[in-house]
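Participant: Take this structure first; my questions come after.
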Amino acid sequence: MMQPLPTRRAFVAGSLLVTVLPLASAEATPDAMAAAIKDVVGEAEIRLGRVTLDIPPLVENGNAVPVTVRVESPMTEADHVRAIHVFNEKNPQPHVFNAWLGPHNGKAVIATRIKLADAQKVVAIAETSRGEFWSASTDVIVTIAACTEDVK
Amino acid sequence: MANVLINAPKTVRKGETIELKALILHPMETGFRPGANGQLIPRNIIEQFTATWNGAEIFRMKMSPAVAANPYVSFFAVAKESGTIRFQWTGDRNFSAEGSVMVTVT
């Protein structure tokens with residue numbers, strides 16, 4: 001009867017590890033988005049903050065949703081935003097866009113228009129020249145979906 | 001010839017940060033939508049957008065099908081010297097388009 005105890009303990013410890021570790025990046029985000037984010041970020045820590053993701057919370061038409069990503073950064077040679085990546089949860093593919101910037105941009109602000117296939121969470125991640133990753137996410141409600149609207 | 005619309009100030013002070021806006025007419029067909037015959041319409045998107053200032057790259061963007069039709073992009077740049085800002089779009093089916101503006105830096 002001594003044998004099962006350590007393994008049970010190991011199992012409990014192991015399951016705790018699994019639930020605690022991904023907290024920072026994953027909060028119930030679907031796997032595809034988590035995988036796409038991991039492709040870009042690797043094992044680095046993603047911190048919340050410094051990034052503002054402006055999307056209207058209620059979107060009537062998912063075919064063209066205005067998005068603005070702003071990142072707080074001095075944009076100097078020593079400390080600037082190197083890239084901004086945007087992901088979504090429920091479109092057919094998790095990628096939205098990746099943009100590469102540098103100190104010559106002066107401001108780390110990008111605006112564009114995107115498609116959203118469903119009410120979902122959109123995530124923006126900024127990569128700095130110091131190798132840090134900052135993020136913001138917004139929940140968007142979409143009434144007319146894009147991308148796959150004719151599929152039944 | 002693709003239709004391109006670019007917005008940039010004509011004259012700026014040296015060191016000023018200016019907003020550059022670019023719009024291009026393009027369907028950005030996702031490849032996930034069935035057409036009238038029930039078959040999926042093949043993907044046809046712009047994959048890459050780049051901007052150069054006198055030849056030096058100032059902005060690059062990789063687009064996915066999730067970028068809306070007629071992609072619009074706005075970003076900023078520090079005005080260092082007078083010259084040409086060139087915008088270039090490339091994508092599926094050997095799509096390629098460009099546009100440029102002259103900016104005078106004083």
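Participant: Which distance in nm do the two modelled labels at B:LYS80 and A:ALA119 give, with both placed 7 Å along the Cα-to-Cβ direction?
Facilitator: Rounded to a tenth, the inter-label distance reads 4.8 nm.
Participant: Give me the distance between the Cα centres of the range B:28-78 and the range A:77-152, rounded to whole Å.
Facilitator: 14
Participant: Give me the orientation-averaged projected area of the Cα convex hull of the protein assembly as shown, in nm², one decimal.
Facilitator: Numbers: hull surface 73.0 nm².
Averaged projected area of the protein assembly as shown's Cα convex hull equals 18.3 nm².
Participant: Let me ask you something else. Could you tell me which residue out of A:PHE87, A:LEU48, A:ASN61 lies farthest along the dipole of the range A:28-144 toward its positive end? Charges go on the beta carbon: Lys and Arg +1, Asp and Glu -1, centred on the Cα centre.
Facilitator: After comparing all options, I get A:ASN61.
Participant: What distance in nm separates the two pseudo spin-label positions at B:GLN48 and A:ASP54, each 7 Å out from Cα along the beta-carbon direction?
Facilitator: 3.0
Participant: Under the Kirkwood approximation for Rh and a Cα-based Rg, what ratio Rg/Rh is obtained for the range A:28-144?
Facilitator: Rounded to two decimals, Rg/Rh equals 0.97.
Participant: First obtain the Kirkwood hydrodynamic radius of the range A:50-110 from its Cα pairs, then insert it into the Stokes-Einstein equation at 37 °C and 0.692 mPa s, and state the resulting D in µm² per second as a whole number.
Facilitator: Values: Rh = 13.0 Å.
D = 253 µm²/s.
Participant: Report the FRET efficiency, 1/(1 + (r/R0)^6), for A:ASP139 and B:MET102, where r is their Cβ-Cβ distance and R0 is 41 Å, rounded to 0.05. Show your work: numbers first, answer last.
Facilitator: Values: r = 43 Å, r/R0 = 1.04.
Taking R0 as 41 Å, the efficiency between A:ASP139 and B:MET102 is 0.45.
Participant: Under 15 Å from the Cβ of A:ALA111, count the other residues' Cβ atoms, weight Lys and Arg +1, Asp and Glu -1, and hand me the total. Mind showing how you got there, number by number?
Facilitator: Numbers: positive: A:ARG70, A:LYS107, A:ARG113, B:LYS21; negative: A:ASP54, B:GLU19.
Result for the local shell: +2.
Participant: Would you mind classifying chain B by shape? Square roots of the alpha carbon gyration tensor eigenvalues, ordered a ≥ b ≥ c; an a/c under 1.5 is rounded, otherwise it is prolate if a/b is larger than b/c and oblate if not. Working shown, then result.
Facilitator: Values: a/c = 3.06, a/b = 2.94, b/c = 1.04.
It comes out prolate by the Cα gyration axes.
Participant: Right, another one. With +1 assigned to the C-beta of every Lys and Arg and -1 to the C-beta of every Asp and Glu, and no other charges, what is the dipole magnitude of the protein assembly as shown about the Cα centre in debye, to the nearest 20? Intermediate results must be reported in sequence, preceding the final value.
Facilitator: Numbers: 25 positive and 25 negative charges, 33 e Å.
Charge dipole, the protein assembly as shown, about its Cα centre: 160 debye, nearest 20.
No lab work stands behind these numbers, since they all come straight from the coordinates. Since this is a predicted model, take the numbers as computed values, not measurements. Note that each Cβ is placed from the backbone with ideal geometry, even for glycine, and that neighbours are counted across all protein chains shown.
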